[in-house]
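Structure first, commentary second.
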Amino acid sequence: MTDAFRRATQYAEYQLLAGPQDDDLPQLRQLGYRPEKKVEEARQSRLGWETFYADLLADDPISATELRVRVQARELIHEHHRLLNDLCAEYRLDLERATGVDPTRPRASRSRMIAFADRIPSVRVAVDVKEHRFRNPSKKWDLNTVHDIDAVSLAVPYCHAVVPDREIADLLSRSKAGPRNLLPTVGTKEGQGSDDRAAV
């Protein structure tokens, strides 16, 4: 690679990462540049996904056990499907083989998929909290709730202290997602000794 070509490549990468300058925006907007539109569409899509299921549950209530399984499946499909596919492709894995799923034995496969999803800390917390949120049909879903669940699902498994708002703290407490997902303290056995960290 020649020095000139390398510099041109570096400049192009820099420009791509830097994005448009403020002076460029009026002209870009005339050409249809609307990055905020995609962000808003994605946010509304995620809210619609939860609202749609809340409406389904209102017409067809199910047991708490079955609700958790369905919320878990929805979480994997809607939030993590592309990532799982990309990871499997990168490591040349077949998801069914890696998780031990056998299409001819649906009952055994179901329990294996549940166990697989529960081993992903952020998914486990999100599912615990969303399951309890869906149990209360009088509570309407909004974007704030979706974002708060995103935040605690990433924070609870890895942080020493998480301070959410009252609604999410209540959901964490009722679902036991906070205590169950705390990292064990160094120097003590899990479940023993003192731990000054709090999930809520």
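The values are calculated or read from the model by the stated rules, or taken from the named source; none is laboratory data. Just so it is clear, the model here is predicted, and its values are computed rather than measured. Quick reminder, even Gly has a Cβ in these numbers, built from the backbone with ideal geometry, and neighbours come from all protein chains shown.
Worth a mention:
Quick grid of which residues meet (1) outside any helix (DSSP H, G or I); (2) in contact with a strand residue (DSSP E or B) (Cβ under 6 Å, 6 or more places away or on another chain); (3) at pLDDT 90 or above; (4) not small (Gly, Ala, Ser):
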{"residue": "Ala108", "(1), (2), (3), (4)": "no, no, no, no"}
{"residue": "Ser122", "(1), (2), (3), (4)": "no, no, yes, no"}
{"residue": "His132", "(1), (2), (3), (4)": "no, no, yes, yes"}
{"residue": "Asn136", "(1), (2), (3), (4)": "yes, no, yes, yes"}
{"residue": "Lys140", "(1), (2), (3), (4)": "yes, no, yes, yes"}
{"residue": "Ala151", "(1), (2), (3), (4)": "no, no, yes, no"}
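- Candidates are the residues of the stretch 42-91 that are under 21 Å from Arg110 (Cα atoms) and not in a helix (DSSP H, G or I); the one that is modelled with the lowest pLDDT is Pro61.
- Annotation: of all residues in the stretch 162-200 being touching a strand residue (DSSP E or B) at 6+ places or on another chain (Cβ under 9 Å), at pLDDT 55 or above and in a loop (DSSP other than H, G, I, E, B), the one that is surrounded by the fewest Cβ atoms within 10 Å (Cβ to Cβ) is Val163.
- The residue list Ala42, Ala54, Ala18, Ala8 contains one member that is under 22 Å from Ala126 (Cα atoms) and without any contact (Cβ under 8 Å) to a residue 40 or more places away in the chain, which is Ala42.
- Every residue from the stretch 1-55 that is farther than 30 Å from Arg135 by Cβ, of a type in the set (A, V, I, L, M, F, W, C) and surrounded by 11 or more Cβ atoms within 10 Å (Cβ to Cβ): Ala8, Leu25, Leu28
- Test: residue in the stretch 92-102 that is exposed (fewer than 14 other Cβ atoms within 10 Å of the Cβ) and at pLDDT 90 or above: no
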